[in-house]
Amino acid sequence: MKAYVKRNNGYVRTTVTVPSVIHNRTFFSNKHQIRLLSSFLRRGRLLFNRRNRYGKLQIHRLLWQNANLRPHMPTTNRATAASILRMMRQYDSLIVKPDSSSVGRGIMRIDRTKAGWKLTYPVSLSSLKQKWRSIEWKGGHLH
């Protein structure tokens, strides 16, 4: 299968072996995609979340229950003003994702700068040729 693999300072599209365990995070709606998922099962792959109807936070909570997975999982909270401010005190960079969107739609990033903070967000929810906008502000509060 084709995948982006981290190499040096970036990602390179390459061919890799299909993993033996797959966790689906995408909503497949066309017949070709659905048949592809079914073919993974026929080839002995384990497929979790085949019919994806669950939000990212719910999946994170389920995976968190497995102590072997926890060391590999990022700190995750529901985005409220209080939780974002708390994480801004703990971390220099935050990724904020919509709970039910996919393919990077609606994702935002908050980074600490020398002067304060910078929020980078998409101009639109379209994932094709995405354009980004940034705003900066001073202090440890939310813009």
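The values are calculated or read from the model by the stated rules, or taken from the named source; none is laboratory data. Predicted, not measured: the structure shown is a model, and the values here were computed from it. When we count neighbours, we look across all protein chains shown, and the Cβ atoms used for this are built from the backbone with ideal geometry, even at glycine.
Out of the residues in the stretch 46-56 that are assigned to a strand (DSSP E or B) and within 30 Å of Ala79 (Cβ to Cβ), state the one that is modelled with the highest pLDDT. This residue is Leu47.
Of Ser101, Ser126, all but one fail to be at pLDDT below 90, surrounded by 12 or more Cβ atoms within 10 Å (Cβ to Cβ) and either outside any helix (DSSP H, G or I) or within 16 Å of the chain's Cα centre (by Cα) (or both); the exception is Ser101.
Restricting the first member to the stretch 70-89 and to residues that are aliphatic (A, V, I, L, M), and the second to residues that are in a helix (DSSP H, G or I) and surrounded by 10 or more Cβ atoms within 10 Å (Cβ to Cβ), the beta-carbon pairs closer than 8 Å and six or more apart or on different chains are Met73/His60; Met73/Leu63; Met73/Trp64.
Only one entry in Ser134, Ser93 is farther than 19 Å from Leu57 by Cβ, under 17 Å from the mean Cα position of the chain (by Cα) and modelled with pLDDT of 85 or more, namely Ser93. In this structure, is Pro19 more than 17 Å from the chain's Cα centre (by Cα), of a type outside the set (A, V, I, L, M) and either at pLDDT below 85 or part of a loop (DSSP other than H, G, I, E, B) (or both)? Answer is yes for this residue.
The rows are residues; the columns are (1) more than 27 Å from Lys131 (Cβ to Cβ); (2) assigned to a loop (DSSP other than H, G, I, E, B); (3) over 19 Å from the mean Cα position of the chain (by Cα).
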site	(1), (2), (3)
Arg13	no, no, no
Leu36	yes, no, yes
Gly44	yes, yes, yes
Leu63	yes, no, no
Asn77	yes, yes, no
Ala82	yes, no, yes
Gly106	no, yes, no
Lys114	no, yes, yes
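Quickly run through the stretch 1-44 and pick out the residues that are among the hydroxyl-bearing types (Ser, Thr, Tyr), under 23 Å from Lys97 (Cβ atoms) and without any contact (Cβ under 8 Å) to a residue 12 or more places away in the chain. Once the filter is applied, which keeps residues that are among the hydroxyl-bearing types (Ser, Thr, Tyr), under 23 Å from Lys97 (Cβ atoms) and without any contact (Cβ under 8 Å) to a residue 12 or more places away in the chain, the stretch 1-44 yields Tyr4, Tyr11, Ser29. In this structure, does Thr26 turn out to be at pLDDT below 90, over 17 Å from the mean Cα position of the chain (by Cα) and assigned to a loop (DSSP other than H, G, I, E, B)? The answer is no for Thr26. Looking at the stretch 45-54, is at least one residue in contact (Cβ under 8 Å) with a residue 40 or more places away in the chain and surrounded by 11 or more Cβ atoms within 10 Å (Cβ to Cβ)? Among the residues of the stretch 45-54, not one is in contact (Cβ under 8 Å) with a residue 40 or more places away in the chain and surrounded by 11 or more Cβ atoms within 10 Å (Cβ to Cβ), which makes the answer no.
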